[in-house]
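> Shown below is the structure under consideration.
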Amino acid sequence: MAFQDWMKQANLIGGEWVGADSGETIDVTNPVDGSVIGTIPKGGKAETERAISAATEAFPGFRDMSLMDRCNLLWRLHDALMDNQKELAELLTVEMGKPMAESMGEIAIGAQYVRWFAEEARRAKGEIVPAGVNGRRILVTKHAIGVVGMITPWNFPSSMLARKVAPALAMGCTVVAKPATATPYSGLAWGALCEEAGYPKGVMNVVTGSAKDISKAMMESFAVRKITFTGSTEVGKELMRGAADTVKKVSMELGGNAPFVVFDDADIDKAIDGAMVSKFRNAGQTCVCANRIYVQAGIHDAFVAKLKARTEAMKVGDGREDGVEQGPMIDMDAVEKVEDFVADAKAKGGEIVTGGDRHEKGGTFFQPTIITGATQDMKFAHEEIFGPIAPVFKFETEEEAIRLANDTVYGLACYAYTSDLGRAFRLNEGLQYGMIGINSGLITTVEAPFGGVKESGLGKEGGSQGLEDYVETKYVCIDGI
Ligand code: ADP
């Protein structure tokens, strides 16, 4: 097989691969050089409504499938992912730009989510609760929520769907998914993978095209009982407003502004390793990337010197080339946004230690960049960078670090490096974040609930909590027994 075998240039609706009613298509490009790699249907309202109908029709049968049959399907889906890991990873790199090693990891963690929820589905337990009066029995039971609408971003085009598709299918929900237009093939591949695994027609539907029209059709449909979204806070808020009209359950994985705090007592080499992976993974285009690096005064200069050496040694290039650690940025808008952060920091007294410009490779490549002398009045102190810029702030005390770290509307991931156990506990209590990495810069794992607080979102993905978002809880009161 080659990656092209998984590159579906059509939508999956009710078990059929189809184009848009209008016949219109959208070009999909490789961010390495802007070359067109294929097209996708420019779907909208009508196509989405048909997908919702197919998912609605498929729901009762799928919900009532035995638990073991549902789990077995998930195992087959897991195997389909892993048996085709390399081809799926290459497809991901070709449409998105990230290095092959990261794409291989993304397909693998997607498969891990599928496996995790195949296991968790067997533990979707209810409760028998003691009643306050005699003669009554109280039962709490869990049920599939119904048709789920999924809207996902371009930065993890495969694994962001994995975290939604796996728990949905595990519980017996049916799916209408809309992948990001920039990276639709990894999302469409989930349709093909579900076919390969043997899911009944209509259980998994994938629609591409106009984000506004597709999401509007999802929002207006009463049959869609849940919306799960990963993307910007701005769009997330819009979707929450839209979901209100039919009172859908919502899960929102939104923006972040992760602080990465390094104390004087940290293992500096470990902190550098963590900073590199947390900052530069996916060219800085993840919602959990270190956005603000706070370093305590005592080790500030040593930390910056080491970070500079490591950053300058990074290999930038086509993600398909061996050893490449940073690919291109997703598009020119992203490059311009990053340039704006750099210009703003420079104007306010920031010092460029390395990088700071477009990369000599041209296109959307950008140099891995470090800026010191960062201050709270610079744009990146409050906005998500989503690019390979590492701003370094200097701080003096623990209290100051916690206060600065919390000085944002976001609350997704944060990181801290320290060897003081008491401080680790104080940080856990003081930092207003949904996820905290102590002495680790890479914390996403299937066993743990991924999700934010404040304007970073609602709901959890992964962990036992990740199933709850696809569940309707019912209570039965049996009286007179
Ligand atoms: P990102 O910065 O990660 O691209 P977006 O929020 O812009 O975040 O996009 C995430 C997903 O939401 C993509 O699939 C995109 O097509 C979709 N999207 C963008 N704008 C809207 C919108 N107004 N309504 C619904 N979905 C949208």
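> How high is the FRET efficiency from Asp377 to Glu24, r the C-beta distance, R0 30 Å, rounded to 0.05?
Working: r = 46 Å, r/R0 = 1.53.
So, using R0 = 30 Å, E works out to roughly 0.05.
> Is there a pair in Lys346/Lys394; Lys270/Lys454; Lys8/Lys178; Lys248/Lys460; Lys306/Lys394; Lys45/Lys178 whose C-alpha atoms are over 18 Å apart, and which pairs would that be?
Lys270/Lys454
> Around Tyr410, with a cut-off of 11 angstrom between Cβ atoms, what is the net charge of the other residues, counting Lys and Arg +1 and Asp and Glu -1? Can you show the working numbers first?
Details: positive: Arg292, Lys454; negative: Glu383, Glu384, Asp407, Glu455.
Charge balance near Tyr410 sits at -2.
> Okay, moving on. What order do you get for Trp75, Trp116 when you list them from fewest to most C-beta neighbours inside 10 Å?
So the ranking, lowest neighbour count to highest, is Trp75, Trp116.
> What would the Debye formula give as log10 I(q)/I(0) at q = 0.13, 0.21 Å⁻¹ for the alpha-carbon point model of the stretch 345-421, no solvent?
-0.48, -1.07
> Counting C-alpha atoms alone, how compact is the stretch 258-438: give Rg to one decimal and Dmax as a whole number, in angstrom.
When restricted to the Cα atoms of the stretch 258-438, Rg and Dmax are 15.5, 48 Å.
> With the radius of gyration and the Kirkwood radius both derived from the Cα set of the chain, what is their ratio Rg to Rh? Could the numbers behind the result be given before it?
On the way: Rg = 23.1 Å, Rh = 23.2 Å.
Computed over Cα atoms, the ratio is 0.99.
> Based on the alpha carbons, how large is the Rg to Rh ratio for the stretch 76-139 when Rh follows Kirkwood? If you can, show how the numbers build up before the last one.
On the way: Rg = 20.8 Å, Rh = 14.5 Å.
Taking Rg over the Kirkwood Rh, I get 1.43.
> Provide the three semi-axes, in whole Å and in decreasing order, of the ellipsoid equivalent to the stretch 90-243 as defined by the square roots of 5 times the Cα gyration tensor eigenvalues. Mind dumping the intermediate values first?
Details: eigenvalues 200, 79, 39 Å².
Listed largest to smallest, the semi-axes of the stretch 90-243 are 32, 20, 14 Å.
> Helix-derived [θ] at 222 nm for the chain: sum -39500 (n - 2.57) over DSSP H runs of at least 4, divide by residue count, nearest 500? Before the final figure, lay out the partial values.
Details: 14 runs with 181 residues, N = 481.
Counting only the DSSP helices, I get -12000 deg cm²/dmol.
> Now a separate question. Got the relative contact order for the chain handy, in percent, Cα pairs under 8 Å and 6 or more residues apart?
Details: 1125 pairs, mean separation 87.4, N = 481.
Over the chain, the number comes to 18 percent.
> Considering Cα pairs under 8 angstrom that are at least six residues apart, work out the relative contact order of the stretch 258-438 and quote it in whole percent.
Contact order relative to length: 28 percent.
> Tell me, Met65, Met276 in order of fewest to most beta-carbon neighbours within 10 Å?
Met65, Met276
> Further question: In nm, give the distance between the simple-model label positions of Leu421 and Lys361, each being 7 Å from the Cα along the Cα-to-Cβ direction.
A separation of 4.5 nm, rounded to one decimal place.
> Around Ile385, with a cut-off of 12 angstrom between Cβ atoms, what is the net charge of the other residues, counting Lys and Arg +1 and Asp and Glu -1?
Value of the local net charge: -1.
> Could you compute the net charge surrounding Val94? Neighbours are other residues with a C-beta less than 12 Å from the C-beta of Val94; K and R count +1, D and E count -1.
-3
> Efficiency by 1/(1 + (r/R0)^6): what FRET value for Trp75 and Glu396, r their Cβ-Cβ distance, R0 = 60 Å, to the nearest 0.05? Can you show the working numbers first?
Numbers: r = 53 Å, r/R0 = 0.89.
After rounding to 0.05, the efficiency reads 0.65.
> Next up: Across bins of 5 angstrom width beginning at 0, how are the C-alpha pair distances of the stretch 1-86 distributed, in whole percent?
3, 11, 14, 16, 18, 17, 14, 5, 2, 0
> While we're here: If R0 is 56 Å, what FRET efficiency do you get for Gln432 and Asp83 from their C-beta distance, rounded to 0.05?
0.85
> Roughly how many debye, to the nearest 20, is the charge dipole of the stretch 325-481 about its Cα centre, given +1 on each Lys and Arg Cβ, -1 on each Asp and Glu Cβ, and no other charges? Walk me through the numbers before you get to the answer.
On the way: 13 positive and 27 negative charges, 48 e Å.
Roughly 240 debye for the stretch 325-481.
> Another question, if that's okay. Using the Karplus curve 6.51 cos²θ - 1.76 cosθ + 1.60 with θ = phi - 60°, work out ³J(HN,Hα) for each residue of the stretch 289-296 in order, rounded to whole Hz, and write x for Gly and Pro.
Values, residue by residue: 5, 4, 9, 9, 9, 9, 10, 5 Hz.
> Moving on. At a 10 Å Cβ-Cβ cut-off, how would you order Leu412, Leu307, Leu421, fewest neighbours first?
Ranking Leu412, Leu307, Leu421 by Cβ neighbours within 10 Å, fewest first, gives Leu421, Leu307, Leu412.
> Using only the alpha carbons of the stretch 229-290, what is the convex hull's orientation-averaged projected area in square nanometres?
Details: hull surface 21.3 nm².
Averaged projected area of the stretch 229-290's Cα convex hull equals 5.3 nm².
> Same structure, new question: For the stretch 1-145, give the magnitude of the charge dipole about the Cα centre (Cβ charges: +1 Lys/Arg, -1 Asp/Glu; no others), in debye to the nearest 20.
The dipole of the stretch 1-145 has a size of about 1060 debye.
> Taking every pair of Cα atoms in the stretch 333-468, average 1/r, invert it to obtain the Kirkwood radius, and report Rg/Rh to two decimals.
When Rh is taken as the Kirkwood radius, the ratio is 1.01.
> Can I ask one more? Lys/Arg Cβ at +1, Asp/Glu Cβ at -1, dipole of the chain taken about the Cα centre: which of Ala275, Gly110, Val335 is farthest positive-ward?
Gly110
Bear in mind that the values in this text are calculations on the coordinates, not laboratory data. What you see is a predicted model; the values in this text were computed from it and never measured. Neighbour counts run over all protein chains shown; Cβ positions are idealised from the backbone, glycine included.
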